[in-house]
Structure formats: structure tokens, C-alpha cells
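Report on the structure given below.
Just so it is clear, none of the values below were taken in a lab; they were calculated from the coordinates. These numbers were taken from a predicted model, which means no experiment stands behind them. Ideal geometry is used to build each Cβ from the backbone, glycine not excepted, and the neighbour counts take in all protein chains shown.
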Amino acid sequence: MAVTIKSNVNNRFWDEWATLFDAVIYDADAQQNKYDDIVKAMTMEKKSSRWGEKSIVMGGLGDFQVKAEGADATQDSFSQGYEKFVEHATFALEVQISKELKDDNMLDDAKQKVINMVQAYKRTRAKLATAAITGAIGDTETITFNGASIDVTTGDGKALFNEEHALKNASSTQCNYFSDVLGSNTVVLNKAANRMRNFRDDRGEILGFLADTLILPGNDPEYEDFVKRVVGSDGEVGSDHNDINTQRGKWKIVVDPLWTPEISATNHPIIIQSSEALKALQGTKFYDRTVLDIENDVDVHSRNLTYNGFARMSITFPNWRHAMMIGASGSSKSVSDAEPFSG
């Protein structure tokens, strides 16, 4: 992520250790970890050079039209959807290396303190992404995260996961928030993926994006095991049928340990996502306005070496069509409105 370090240390007592700590910080920042993986799997990571960012969702062009020989082509224009603005929030943290630690030559313990600052920054990014995405359900419009108020609505003013997302240029609505818990086979998962494939843009055109990612909570181990068997087994799960499992090989599974919803017989939430739609539709955007910026200095009063970490970031949902939540007890909608195929 290219952390920035500004050293203000000019003290013979601390100079050597401060140089070592800089190397440790750069190394910890360069190491991809589970927190980086969570943000990368669930969002589009973007850089920003402004105090905030506005996204405009654009629908596609209409169909090509027939024309007579020598005649002008039919003029068309993009259909603008909803707009979404986000202002970046500032987060900060300090850690101190005590003079006593230096006196006693406890270098490894001191190193761990600065490594933990980098890990705390990465964890904060992942927690922000997780809290915003998994909290954006039903009637929720904002959540509070580490003292910041985070807008979790999309351009239509509804939470990311909602039963009635409105099309900008039509009177109809679409749902990406369902109550269905996976049963003993792939029927619910197949219907949910089909619903996502048939989402329409603000012009009313079917988008056709394929769902390929399942995001699971970190506190539902039995269900996690079942889902992995549903999408990974060669044949039909829990049966002696010889039919192939049509879901095998289609899905990437992401288990988010920071997502810990209340689990019950009717609440086993899973997020279904299309990685292609995430990028093409500017779905969930995670902005890094200021990547971790660290300054250090010696406090004359305590003689301690202080590290101050500073970062600015935000998350926003310009679109919702890249993601769907199923297994949510708070929803009254079912993906099974259509009759199942009876072959």
C-alpha cells in the first residue's frame, strides 16, 4: 500500500532503533494478509486526490437500428442513472516505545508494537468494508463505525441490500435481499444466481452478469462446511444420485472473520457477488485518500519514541446490481417465486 514514514528523530539514543523500525514497518505493509484479502474480494479499491468523490451510474446504449443505404445512423445517448457522493473520513492512532524498553534492549517487543500499528490500519480498512457492506440491509441508511457516520445507501437512497431498488428511468423495482436459506441441494443458489443474471440497468436492459463469489460469515462453521460441500462436491450433496453438481467450479468462497451476524435456523446470511459486475458497474468502491502516513518523534517529557499513524478512507455504493444477500431473516422476499424446474 506504500506507507509513508516521516522521521523526526534526531537523537543518538533512538536513531538506530528508529531506522530498524522503519524497515519493519515497510516490510509489514508489503505483506499481503487476510485483511487485505477481505477488502480486495469485496470492493473496488480506488485512489483519491480530493476530499470526496462523486460517482455517476451510466446505463448502456440502446440496440443498433437498421438504416437505409447512405442514410445517417440513429443517434443514441447513454442513459444516466443515479449519482452517489462520498466524503472521506480521517482515522488516526498512536503507539509509544518506552525509554525503559530501549534501556533494557527489548528490541523484539518494540518491533511488535510498530508491526501492530500497520496491522491495526489494515484491520481498520477491512472492518470498515465489512461493517458497511454487511450492515447495509433493509431500511438502514447509515451505520456508525469507530465514531464516523457511514452512508450505506446506493444512489436510489436505499440500503445496498434492499427489497425495492428503483430503476431511474422506469417505475419497476428490483430486489437483491432474500430470506432463502440454502436447502439440501443447489436449487436456492441456482435461482439466486439466475436472479442476479437477470438484473436490469436503469434503461431496463438485462445485464447478464454471472455470480461467481460467495462471502460467508466467520461465525457459522457448520453452514460454512455445508456451503463448501454444495459448491465443491462432484455429485449431488446428501444423496446417492449420480447427477453432476452444476455448481462445482463456479464459485470462489470468501470467509470474512470480521462478519459475525446472529445465527439462527432462519438467519444464515450469505452475500453473492459478481466480480465482473463489481468492476463494470462501479459497485462497491473503497477509496484510499491518504494511505497510512506515519510520523515519529521523541517526547521530551517521557523520553519515549512516539509513532503517530494517520489515514483517510471511505466506502460507497454507486450501484447494487453486483451483489445479493440470501438467507436473511429480515427479508420478506424469496428467490423461489418462480416454480422450480421439474425436468
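Can you work out ³J(HN,Hα) from phi for every residue in segment 327-335, in order, using Karplus 6.51 cos²θ - 1.76 cosθ + 1.60 and θ = phi - 60°, giving whole Hz and x for Gly and Pro?
For segment 327-335, the Karplus curve yields x, 9, 5, x, 9, 9, 9, 10, 6 Hz.
Say the cut-off is 28 Å between C-alpha atoms; which of Lys122/Lys191; Lys168/Lys252; Lys47/Lys191; Lys47/Lys158; Lys54/Lys228 go over it? Write out the running numbers ahead of the final one.
Values: Lys122/Lys191 36 Å; Lys168/Lys252 32 Å; Lys47/Lys191 36 Å; Lys47/Lys158 25 Å; Lys54/Lys228 38 Å.
Over 28 Å apart, Cα to Cα: Lys122/Lys191; Lys168/Lys252; Lys47/Lys191; Lys54/Lys228.
Please give the length that would be gained between Asn116 and Ser149 if that part of the chain were fully extended, namely 0.36 nm times their separation in residues minus their C-alpha to C-alpha distance (nm, one decimal).
Stretched out fully, the Asn116 to Ser149 stretch lengthens by 9.3 nm.
With the crude spin-label approximation of a point 7 Å out along Cα→Cβ, what separation in nm comes out for Glu164 versus Thr19?
Simple spin-label model gives 6.7 nm for this pair.
Given the alpha-carbon gyration tensor of segment 67-125, what are the semi-axes of its equivalent ellipsoid in whole angstrom, ordered largest first, with each equal to the square root of 5 times an eigenvalue?
Details: eigenvalues 779, 41, 10 Å².
Listed largest to smallest, the semi-axes of segment 67-125 are 62, 14, 7 Å.
Taking 45 Å as R0, compute the FRET efficiency from the Cβ-Cβ separation of Asp299 and Lys40 and round it to 0.05. Don't skip to the end; give the middle numbers.
On the way: r = 37 Å, r/R0 = 0.82.
With a Förster radius of 45 Å, E is 0.75.
With unit charges on the beta carbons (Lys and Arg positive, Asp and Glu negative) and the dipole taken about the Cα centre of the chain, which residue among Ala132, Asn219, Phe286 sits farthest to the positive side?
Farthest towards the positive end: Phe286.
Considering only Gln247, Pro269, Tyr307, whose Cα is most displaced toward the positive end of the charge dipole of segment 243-343, charges sitting on Cβ of Lys, Arg (+1) and Asp, Glu (-1)?
Ranked along the dipole, the leading option is Gln247.
At 25 °C and 0.890 mPa s, grab the translational diffusion coefficient of segment 179-327 from Stokes-Einstein with a Kirkwood Rh over Cα pairs, rounded to a whole number in µm² per second.
Numbers: Rh = 18.2 Å.
Taking Rh from Cα pairs, D becomes 135 µm²/s.
Return the percentage of antiparallel bridges among DSSP beta bridges fully within the chain, rounded to the nearest 5 %. Don't skip to the end; give the middle numbers.
Numbers: 43 of 58 bridges.
Bridges in the chain are about 75 percent antiparallel.
Give me the percent relative contact order of the chain, please, defined on Cα pairs under 8 angstrom at least 6 residues apart. Walk me through the numbers on the way to the answer.
On the way: 685 pairs, mean separation 90.3, N = 343.
Over the chain, the number comes to 26 percent.
Counting other C-beta atoms within 10 Å, which of Glu163, Glu45 has the fewest, and how do the rest follow? Before the final figure, lay out each step's value.
Values: Glu163 19, Glu45 14.
Exposure proxy ranking, most exposed first: Glu45, Glu163.
Check every DSSP H run in the chain and write down those whose alpha carbon atoms cover 30 angstrom or more along the long axis and whose mean Kyte-Doolittle hydropathy is -1.0 or greater. Provide the component values of the computation, followed by the final result.
Details: long enough: 107-135 (41 Å, -0.28).
Helices meeting the criterion: 107-135.
Can you tell me the convex hull volume per residue for segment 88-158, based on C-alpha atoms, in Å³ to the nearest whole number?
Numbers: hull volume 6.2 nm³, N = 71.
Expressed per residue, the convex hull around the Cα atoms of segment 88-158 is 87 Å³.
Work out from phi, with θ = phi - 60° and the Karplus expression 6.51 cos²θ - 1.76 cosθ + 1.60, the ³J(HN,Hα) of each residue of segment 284-290, listed in order in whole Hz, and give x for Gly and Pro.
8, 10, 10, 9, 9, 7, 10
Take the alpha-carbon centre of segment 170-235, take the same for segment 84-114, and report the distance between them in whole Å.
41 Å
According to a simple spin-label model (label point 7 Å from Cα along Cα-to-Cβ), what is the distance in nm between Glu87 and Gln31?
Placing both labels 7 Å along Cα→Cβ, they lie 3.8 nm apart.
Express the C-alpha Rg of the chain as a ratio against the empirical globular expectation 2.2 N^0.38 Å, rounded to two decimals. Before the final figure, lay out each step's value.
On the way: Rg = 24.5 Å, N = 343, 2.2 N^0.38 = 20.2 Å.
That ratio works out to 1.21.
List the residues of segment 156-191 whose backbone N lies under 18 Å from a point placed 7 Å from the Cα of Thr140 along the Cα-to-Cβ direction.
In segment 156-191, the label zone of Thr140 (backbone N under 18 Å from the point 7 Å along Cα→Cβ) covers 156-165, 176-180.
Give me the three principal axis extents of segment 23-153 from the C-alpha atoms, as integers in angstrom, largest value leading.
Each principal axis gives a Cα extent; for segment 23-153 these are 88, 37, 25 Å.
Report the far tail of the P(r) of segment 123-198, meaning the percent of Cα-Cα pairs longer than 21 Å. Can you show the working numbers first?
Values: 1189 of 2850 pairs.
Within segment 123-198, distances greater than 21 Å cover 42 percent of Cα pairs.
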